[in-house]
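The numbers here are math on the coordinates, done by the rules we state, and not lab data. Model, not experiment: these values are computed from the prediction. Heads up, the Cβs are rebuilt from the backbone with ideal geometry, glycines too, and the neighbour counts pull from every protein chain shown.
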Amino acid sequence: MRLNDVGNLVRGIWETLPADIPDLALDAFVVMPSHFHGIVVRRRRPTTTAGRSLTLGEIVRRFRARVTRAVRQQHDVVFAWQRNYYERVIRNAGELNRVREYIVGNPARWRPDDVGARFIAPSLDQ
């Protein structure tokens, strides 16, 4: 799947998160036409410069806010995130590998739906 301009923007913002949150590492991720999958690794207790721990919710909010702001400033599209997100604690290497395989294989399984079909750019390969 080839990303359109909005997809590239999402990917770029995701990849910059560890620069802001030094204790955060990124693992497998994929930008889909209507959703996003990503694994974050908390290397140790993440903190801000004020010394307060960042929750996963705060990390997700930061990512979503940056993407929303950039998309609305740079593109003439209607853009909104779904209300919630799914989180899961990955407890061992086997589970990590299964989740990675799911994420990497997601583009091959994706089919346009009523929501996602509206976000496919003409340049997006399926």
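Of note:
- Legend: P(r) of the stretch 5-113 from all alpha carbon pair distances, 5 Å bins from 0, whole percents, reading 2, 10, 20, 22, 21, 15, 7, 2, 1.
- Here the gap between Arg61 and Asn97, fully extended at 0.36 nm per residue and compared with their Cα-Cα distance, gives a gain of 10.4 nm.
- Where labels lie 7 Å past Cα in the beta-carbon direction, separation of Leu26 and Trp110 in nm: 1.5
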